[in-house]
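The block underneath contains the structure these notes are about, expressed in structure tokens.
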Amino acid sequence: MPLDMDWVRAVQVNTSAVERRAGTIGARRSVKKDYQAAWLLKAITLIDLTTLAGDDTENRVRRLCAKAKHPVRADLLEALGVDGITTGAICVYHDMVETAVDALKGTGIPVAAVSTGFPAGLSPFHLRVAEIGESVKVGAEEIDIVISRRHVLEGNWQALYDEMRTFRDACGDAHVKAILATGELGTLRNVARASLVCMMAGADFIKTSTGKESVNATLPVSLVMMRAIRDYYDRSGVKVGYKPAGGISKAKDALTYLALVKEELGNDWLDPHLFRFGASSLLGDIERQLEHHVTGHYSAGYRHAMG
Ligand SMILES: O=C[C@H](O)COP(=O)(O)O
């Protein structure tokens, strides 16, 4: 839709109310036993299993893809009476896209590429746009772009909108997730406005963080972004997805996020088409909790090292 500046300017956030609500969700909502196992299995299907390290190798990416295909040990799945679950996607740098696409051939698990000069997004603009095309060409079905934080900090909403539109167009049929890098946007109001502008410009998902900022996904930021998604849906009829990313590594945290999604956005969003966790180490803890559920024992963390 066109940039609606009246709507953008009207956005306000009551920070203390947001913090109060975010602070109580973990305590009010706790699921136990079989229900907890079921929610944890659901969480696995919503993970963008990620490796974004300077020392990534093809072997590491292949191992990660093997984990995406079989995220939980077969004996545990059998005991839980479940089969055939996979993670939502694999998320890698451009150089690793071909390897991941090859490793996931025939599985239907999409490959997401971080792009546009990730994580800072400060390389020449034409190269950022070209990078998207390169990743799509080698098979990335999802592109995680980073926005220019300065457009938000300077209140240049038109520039943010134009940038996002250009990235959206460069993605073609690939889904585009807009990484706001919320830890660098200064205020929750900026987060809300940036969310809205990116959605107006065609983002399929809005995502909190690169995982490289000093503050990454938080519950207050998530509440603000989810409510922006809800408002956008109410006015436009378009459902935009949400991806908290960075620092989500515990099964308990994943459950809290899912409770928030269910309460703020509803069950439609508890689906890989509309919700993902961006996480490199969450899966290991979830598998560990599932093992505890099945056997009554906790294994050492290193037994679930990958993912
Ligand atoms: O988009 C995903 C993040 O980079 C993953 O962050 P993490 O390594 O803190 O889980």
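Read-outs throughout are calculated quantities, based only on the coordinates presented, and are distinct from any laboratory measurement. It should be emphasised that the depicted structure is a prediction, and the values quoted were computed from it without experimental measurement. Here Cβ is always computed from backbone atoms with ideal geometry, including for glycine, and neighbour counts include all displayed protein chains.
Sorted into 10 angstrom bins from 0, the C-alpha pair distances of the range 5-304 split as 6, 29, 35, 22, 7, 1 percent.
All C-alpha pair distances within the range 123-172, sorted into 5 Å bins from zero, spread as 5, 21, 30, 22, 13, 6, 3, 0 percent across the bins.
Against the empirical 2.2 N^0.38 Å (N residues), the range 111-265 has a Cα radius of gyration ratio of 0.97. Sorted on the mean count of surrounding Cβ atoms within 10 Å across their residues, most packed first, peptides 281-292, 148-159, 61-72 read 281-292, 61-72, 148-159. Kirkwood radius, the range 15-85, all distinct C-alpha pairs, inverse of mean reciprocal distance: 15.2 Å.
For the chain, the relative contact order works out to 20 percent when only alpha carbon pairs closer than 8 Å and six or more residues apart are counted.
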